[in-house]
Amino acid sequence: MVNPGTTKTSLKERCKVDLGYPYHLNDSPADHLAALQQAYQHGAGPKPEILEEKIAAMFGKPAAMWCATGTLAQGIAARIYAERSGKKQVIFHETSHLLLHEEDGYSAAHGLTAKTVGEWRKTMSPDLLDTDACCAFVEMPQRHSGGLLPSWDDLCALKAHASKLDLPLHMDGARIWSSRPHYDGRSYAEIVDGFSSIYVSFYKDIGAIVGAALIGEKDFIEEAKVWRTRLGGSLVDASYLIADTLRLLDKRLEQMPGFIQAAKEMASSIEHIENIEVSPNPPQVNMFHVLLPCNSSAAERARDIVAEKTGIWIANRFWNYEGDNQCAMEITVGEKAAALSRETFAEAVQMLAAEIPNPQ
């Protein structure tokens, strides 16, 4: 239970367990800086090329470019495809990060238009592709669908149809790190084969301070570097950010199967609770959604009650995109969630569900 003598505004910080972002233990700025001291004991930190070459090889592509943010990387990718094709339209699934969280940057910064396709809790399918667009963005896994991934056969069909149309596919692979078990252990290179370019995040599941990479053919990446400079994304010294990513990347990839198993166990522990729904069930990656029959404001009030009573901050985000009386509680499993007992998690969700008014 949290200390009742402290202020409401610091409720999250006062909880003994915090399942929101950041998802890992020892993840404060001070922890990162202390760990990075070792990288600079014998001179300068690592150059971006070390990380870029490692990532390009991992994904089976000739080149990669480090970026400070995925918003920068993906906007650049879309712009390159538009300029090469002479077409301004980009195909986005309706759950795309570029549509929901980037202040229409694809339009305001790059002069592009969006063709919005798909259904909220379904992945991109071949029939949604056409030749009017310069490219199609495919998010894997699909965050706002609870980490949904296409089946291997469906993914292969999507790639084949895009190839037939001569339509470049770009992967929003912010969370691609958790996809391999769903595809029977296939390598990242095999999973992304058929995509013209890929974006990956280093801060979400990996837990680095910031950072992303754009991956593709050499000429594509050389164009991307020009746009990175034009858009103010070339840092004088990114070595400490590169060092932070390099110290964490292999560790998190080794941990990832355990995080996915923990997500499945957590979902199984709550699937019996009335008034909620796990989506997808079972989880396919290290995240899932708990669908609640209320708006996000009601869910946040219930979350705060649970936090006050138990000292468990169960989630940061309650997405209210799918209707006035339905929201999605996002659960992402890293070191912190994996360390929480399944029974304790289930008790917290049970309490949350009890605080939500029954739907009429």
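The values are calculated or read from the model by the stated rules, or taken from the named source; none is laboratory data. On a predicted model such as this, the values are computed, not experimentally measured, just so you know. Neighbour counts are summed over all protein chains in view; Cβ atoms, including those assigned to glycine, are modelled from backbone coordinates with ideal geometry. These area figures cover heavy atoms from the full protein model, side chains too; ligands, DNA and RNA do not enter into them. Shrake-Rupley method; radii C 1.70, N 1.55, O 1.52, S 1.80 Å.
Structure above, values below:
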item	result
DSSP beta bridges in the chain [antiparallel fraction, %, rounded to 5]	55 percent
Percent of C-alpha pairs per 20 Å bin, the chain, short to long	29, 57, 15, 0
Nearest 10 degrees, 0 to 90: helix 218-230 Cα axis against the chain principal axis	70 degrees
Helix axis angle, 342-354 relative to the chain longest principal axis, alpha carbon, degrees	80 degrees
Choice from Lys61, Lys336, Lys122 showing the highest fluctuation, given a GNM over the chain with Cα pairs closer than 10 Å	Lys122
Translational D in µm²/s for segment 6-61 (Stokes-Einstein at 4 °C, 1.567 mPa s, Kirkwood Rh from C-alpha pairs)	87 µm²/s
Listed residue (Ser151, Ser239, Ala174) projecting farthest to the positive dipole end of segment 144-265, Cβ model	Ser239
Cα centre as origin, Lys/Arg/Asp/Glu Cβ charges: the chain dipole, Debye	540 debye
Prolate/oblate/rounded call for segment 92-190, Cα gyration tensor, a/c under 1.5 rounded	oblate
Per residue Cα convex hull volume in Å³ - calculated over segment 217-339	198 Å³
Heavy atoms of Leu99 accessible to a 1.4 Å probe, total area in Å² rounded to 10	40 Å²
1.4 Å probe accessible area per residue over the chain, in Å²	43 Å²
Net length gained if the chain between Ala354 and Asp31 were fully extended (0.36 nm per residue, minus Cα distance)	112.6 nm
Rounded to the nearest 10 Å², the accessible area of Asp184 at probe 1.4 Å	130 Å²
Spin-label model distance (nm) - Trp152 vs His42, 7 Å beyond Cα toward Cβ	4.2 nm
Nearest-10 value in Å² for the accessible area of Lys88, using the 1.4 Å probe	110 Å²
On Cα atoms only, tilt of 296-310 relative to the major axis of the chain in degrees	60 degrees
Label-point separation, Lys87 to Glu13 (7 Å along Cα→Cβ), nm	5.0 nm
Cα gyration tensor, segment 166-265 - rounded (a/c under 1.5), prolate or oblate	oblate
Among the listed pairs Lys122/Lys218; Lys54/Lys336; Lys61/Lys159; Lys12/Lys251; Lys87/Lys115, those beyond 21 Å (Cα-Cα)	Lys122/Lys218; Lys54/Lys336; Lys12/Lys251
Gyration tensor verdict on segment 1-127 (Cα atoms; rounded if a/c is under 1.5, prolate if a/b is larger than b/c, oblate otherwise)	oblate
Virtual spin-label span in nm between Arg342 and Asp324, 7 Å along Cα→Cβ	3.9 nm
Over segment 286-327: Rg over Rh, Cα atoms, Kirkwood Rh	0.99
Extension gain (nm, one decimal) between Ala57 and Ile305, 0.36 nm per residue minus Cα-Cα	84.5 nm
Compactness index (Cα Rg / 2.2 N^0.38 Å), segment 275-360	1.03
